[in-house]
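What follows is a short report on a single structure.
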Amino acid sequence: MKLSDVNSEERVVITKVLGHGSFRKRINEMGFVKGKTVRVIKNAPFNGPIEFKILNYNISLRRSEAELIEVVPICDFNETHTSNYEGVTDRKVPHHRRHRHGKNSRIKTINIALVGNPNSGKTTLYNYLSGANEKVGNYSGVTVGVKKTIFKTRGYTFNFYDLPGTYSLTAYTSEEIYVRKFIYEQTPDVVINVLDSSNIERNLFLTTQLIDMDLRVVVALNMFDELQNEDIELNYKKLALLLGMPFIPTVSSKGIGLNKLLSRVIDVFEGRDHVTRHIHINYGKELELSIKNIREKVKENKPITDKISSRFIAIKLLEKDDHINDLLENYANFEAIKATTAKEIRRIEALFQEDSESIVTDAKYGFISGALKETSTQTKETPRSRSEKIDSVLTHPIWGFPIFSLILFLIFYATFNIGAYPMEWIDSLVGWIGRHVSALLGEGMLNDLLVDGIINGTGSVLVFLPNILILFLFISFLEGSGYMARASYIMDKVMHKFGLHGRSFIPLIIGFGCNVPAILATRTLRNKGDRILTMLIIPFMSCSARLPVYILLISAFFQKFQALILIGLYFLGVVIAFVTAQILNRTIFKNKETPFVMELPTYRLPTVRNISYQVWDKTKHYLQKIGSVILIGVIIIWALEYFPRNTKETKLLKNKIEQINLDEELSQNEKDAALYLIDQQIESERLMNSYLGRIGKVIQPVMAPLGFDWKMSISLLAGLPAKEIIVSTMGVLYQSEDESINLQKKLQDETFLFGKNAGNKVFNSASALAFLVFILIYFPCIGVIATIKNESGHWKWALFTVFYTTILAWIAAFIVFQIGSSFI
Ligand code: GDP
Ligand code: MG
C-alpha cells in the first residue's frame, strides 16, 4: 500500500521508501525510515500537500511524493525487524584539539556556534543571552541568517553565533552547506546543539552528525516546558552520559537554564567537564568496517584531517556526498580514496540490499531509537496536540484559504489605517523643526539646503516609519508563531501550478517587507532553478520602500476605497510575478522538480523580546538607509534642482517687479496679486532651467504617454537607489509658498505650466494610478540588483531584472493611463 492511499486519521508503518536522490535522502533524514509509524492527518486546501504525523511532529508531503512511500497497516506489521542498536564506543582519547588554544591558554575568548533544527529556539536563546549580558559588539549577517553577538560574563568573552536552522549536515540545502562550512572553517570552540525536546527523536539526528564530526558539544534541551506538559519522561542525565555531552534543560523563551548552560560551556571549554568525553556511535559491524577502511585512506591526508574529523569524512563519503569530494580533490591519494569508497559502497549495498545513504540514515535512527528506549518513557503518541487542533481550523481544506486571505487583508488594513496616526505626529514634528531651523538661520542658501532639502526630504521618508514598523511586526509574528509554514502548505498547490515551490512562498512574503532579505531567503530552496526563478519574481512583491509612495498618492487622490487600491497594487504585483514565473518556467527553467518536504512546526507564542529585536533590526536598517543613501540622494536632488539660480528671464522679471512696485495707479491688493504671479513665474522658469529640469525634459517625451509631467519623471529617476527617495524628491520638487500645507495638497494643486495641457491639473486619478503602477513594477532598487547578481552568481540575471521590470512598467502604466483617461 502507498502512503498516498491511506485515509485520514489512519496509522500505518513504513516498509520502504522508493524514489531516489535528494528526495529520498531528505525524507529519510526527516524520519521516514523502515518501521516508523505514520499517521495521516489531512489534505491542504486546493487538494494540496498531505499532512502527516511522524516521530511526534507534523510534516507535509505532496501526493506524488507520498506515493513513493510504501506502508502497511499497523496491525499487519510484524516486528521481526531486530533492533540494530549497538550503543557507543568510547574513545580513550580527548577531543580533537582545535588550533586556537590549549588547556592552559590565557585566552579567555570562547567561540560558540548555535546549531539546531529550525524552530528549536536558537534565536530565542541567542536573543536572551545577548540581552542579558554585557554586550560588547553586534553584527548582523551579511549572509543569510547568521548573527553574531559578543558579550562578556564571568571573565570570559563570548563570540556567539546564531546559525541558520538545519535538519542535517548533508549537502542538501545551502543552509546546511553553510553550517557545515562554518563549523570546519571557523572551528567553534564549543557547539551548543539546541534541541526541541518535545521532538527529540528527529532532533537527535543532527546530534549524531555533530558526534561524527568530533565536536565539543553542549546540548540545550530546549522547550523543556513542553516536554513536561506532555506525558513524556526523559532521563536526560543518562542520555548525556551515553552520548558524552552535557544536556541542560532550558526554556529559552523564559531564560530558564541559560546560566547553567553557560557554566557548562565554560567547563567544557576548560576541559574540566565530567560528562564530556569522546565517543563514536557504533553503527553496526558492517558499516563500521567500511568506515574504518575509508577512514584509513583519508587519514593519509594530514592537512585536512586536522580540521575535520576523518570519521565524518568517511561517513559522508559512504553517503555519496559530493561536497566532501570537493574538499579532498587536491590530495595525492584522492583516486585511491575514491576507489576504496566505491568498493565499500558496493559491498554494503549488496549486503543490505539498500542504498548506502539509506543504510547510514537507518543506522543513525536505529541508534537514536535504541538510546531513547533506554532513557525515555514515551507513552505511545500524544493524542491530538494543541497545534493540530488549531490547524483543524487554520489549514482546513475549505476554510484554510479564506482565513489566510483574511489575515493578509487585516495586516494591510492595519498597516494603512493604524499607521496613519503616528504618521501625522511625525509629519507635524518635521514641520515644526523645519520652521524653527528656518527662523534661526534667516534667508539664504544654507537655510534652503537644510530646510527644503534635508529636513523636508528625509522627513517625508521618516513619516512612513510607523507603517513599516507595523508591517514588520506582523511578519515577525507570523514567522515566530509557525503560521508561515502553514502559508506554504496552503499555497503549495497553487504555487506548483505556476511552476513554483510552496517554499518560494515565504521568500515572496518576506519580499513585501524588503526584497533584499527575500532574495537571501531563497537559499532555503534546494534547486538552483527554483531559486533563480523565485529571485527573479521577488521584485514584483511590493516592498515596504514602495509603501510610502503608495500611501502618499492614494491619500492624495483617492478618497474612497483606499485600502482596496493598496491591496489591488500588491495583488497586481503578485499576478505579474506569477505570470512571469509561468513564462520563465516554460522557456528558461524547464525540467526542474523539487520535493516538498516541509515541517509544520508546533504553534508557539513568539516572545516579545524576539519580536522587538526583529522589528528593531528592520527599523534600524530603515533609519540607516535614511541617514545614508536617502540623505545623499536628497542632497544631490536638491542641488540639481537649486542650480543654476538665474535664468535669462530673471533680470527681465525682476525689472517688472520694480515697475509694479513703483506704479502709483495700482492699489496694494492689485500689486500683491501681480507680484505673486510674477514670483510664480520666476520660480517655475527657474525650475525648468535647473539641471534637474533639463534632465526631466530629456526623459519627459518618453513618459508623456503615461500622463507623467517632468517632475514625476525626475522623481522616478531619483528613486533608482531606493524607492523611498521618490517621496523625498517629490517633497523637494513640489514646494509652495505656504509651508503649512502638506505634500498631498501640494500635489493636488499642481498644474501643468506649459504645453497643450497648461493650466490643467497634473494629477488625476488616471495619471496617479499609472504612476503607482509604474512605481510598483519598474527597476526595484540598486540593492536588489546587486543582491540578485551576488546570489545568482551571474550578471545576466541582474540585467534581465533591470530591463524586464522597466519595460514592463512602461507598458502597464501606459495601459492604465489610457484606459483610465477614457473614463474621466
Ligand atoms: P529558531 O528557528 O531555532 O531560531 O527558533 P526561534 O528562536 O525562532 O523559536 C521558535 C518559536 O519557539 C518562537 O515562537 C519562540 O518564542 C518559541 N520558543 C523558543 N524557546 C522556547 C521554549 O523553551 N519553550 C517554548 N514553549 N517556546 C519556545
Ligand atoms: Mg532562528
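Please treat every number below as a calculation from the coordinates, not as lab data. As the structure is a prediction and not an experimental result, all values here were calculated from the model. Don't worry about glycine lacking a Cβ; one is built from the backbone with ideal geometry, like all the others, and counts go over all protein chains shown.
Listed from fewest to most Cβ neighbours within 10 Å, the set R272, R39 follows the order R272, R39.
Between A342 and K2, the contour length at 0.36 nm per residue exceeds the alpha carbon distance by 119.2 nm. Ordered by the number of other Cβ atoms lying within 10 Å of each residue's own Cβ, fewest first, M491, M445 fall into the sequence M445, M491.
Extending 7 Å from the Cα toward the beta-carbon at both I433 and E185 defines two label points whose distance is 4.1 nm. Taking each residue as 0.36 nm, the span from N655 to E670 lengthens on full extension beyond its C-alpha to C-alpha distance by 3.7 nm. Net charge within 12 Å of L547 by Cβ-Cβ distance, Lys/Arg positive one each and Asp/Glu negative one each, not counting L547 itself? Net charge in that neighbourhood comes out at +1. Compared with the dominant principal axis of the Cα atoms in the chain, helix 483-497 is inclined by about 80°. Electrostatic bookkeeping for K651 treats Lys and Arg as +1 and Asp and Glu as -1; over the other residues with beta carbon under 13 Å from its beta carbon, the sum is +2.
Look at the alpha carbon pairs under 8 Å that are at least 6 residues apart: their mean separation over the length of the stretch 703-824 gives a relative contact order of 29 percent.
Computed on the chain, with alpha-carbon pairs under 8 angstrom and 6+ residues apart, the relative contact order is 12 percent.
For the stretch 633-783, the equivalent ellipsoid derived from the Cα gyration tensor has semi-axes of 32, 17, 14 Å, listed largest first.
Model label sites at Q353 and S612, defined 7 Å from Cα along the beta-carbon direction, differ in position by 6.2 nm.
P(r) tail for the stretch 115-263: Cα pairs beyond 20 Å make up 46% of the total. Annotation: the residues Y85, Y691, sorted from fewest to most other C-beta atoms within 10 Å of their own C-beta, follow the order Y691, Y85.
Sparsely packed loop sites in the stretch 369-463 (the GluC sites (Glu not before Pro) outside DSSP H, G, I, E and B with at most 15 other Cβ atoms within 10 Å) comprise E381, E443. Using just its DSSP H runs of length 4 or more, each adding -39500 (n - 2.57), the chain gives a mean residue ellipticity at 222 nm of -17500 deg cm²/dmol after division by all residues. Can you figure out the FRET efficiency of F643 with I678, using R₀ = 30 Å and their beta-carbon distance, to the nearest 0.05? Efficiency for this residue pair is about 0.90.
Using alpha carbons only, the radius of gyration of the stretch 415-554 set against its Kirkwood radius gives Rg/Rh = 1.16. Modelled label positions at E134 and E270, each set 7 Å beyond Cα in the direction of Cβ, lie 1.8 nm from each other.
Which of the three applies to the chain, rounded, prolate or oblate, going by the alpha-carbon gyration tensor with a ≥ b ≥ c and a/c under 1.5 meaning rounded? Prolate shape, in that a/c is at least 1.5 and a/b is the bigger ratio. Taking the DSSP bridge list for the chain and keeping only pairs wholly inside it, about 70 percent are antiparallel. Residues in the stretch 201-209 carry Karplus couplings, in order, of 4, 5, 4, 6, 4, 4, 4, 4, 6 Hz; the curve used is 6.51 cos²θ - 1.76 cosθ + 1.60 with θ = phi - 60°, and Gly or Pro positions show x.
I want the local charge near E685. Using Cβ-Cβ distances under 14 Å, sum +1 for each Lys or Arg and -1 for each Asp or Glu among the other residues. With Lys, Arg at +1 and Asp, Glu at -1, the neighbours total +4.
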